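Beneath this line is the structure, given in C-alpha cells, with notes to follow.
Coordinate-derived values only; no laboratory data. These numbers were taken from a predicted model, which means no experiment stands behind them. For neighbour counting, all protein chains shown are included, and Cβ atoms are generated from backbone atoms with ideal geometry for every residue, glycine included.
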C-alpha cells in the first residue's frame, strides 16, 4: 500500500502527472481499467 498511499498524498497536493509518476505504468493502467469498468457498470445499472 506504500505506492498507493504515496500516490494519493501526491495527488492531493500535486497534479495528475505526480499521481501517474507515483503509481507507475502498472498502477495507472489498473486505475484506468477500474474507472472504465465502473463507468460502464454505472451506465448499465442507472440508465
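Note on residue 37 and residue 20: their simple-model spin labels are 2.2 nm apart, each label 7 Å out from Cα toward Cβ.
Report the full-extension gain for the segment residue 44 to residue 28: residue separation times 0.36 nm, less the Cα-Cα distance, to one decimal in nm.
Details: separation 16, 0.36 × 16 = 5.76 nm, distance 2.44 nm.
Extending this stretch completely gives an extra 3.3 nm.
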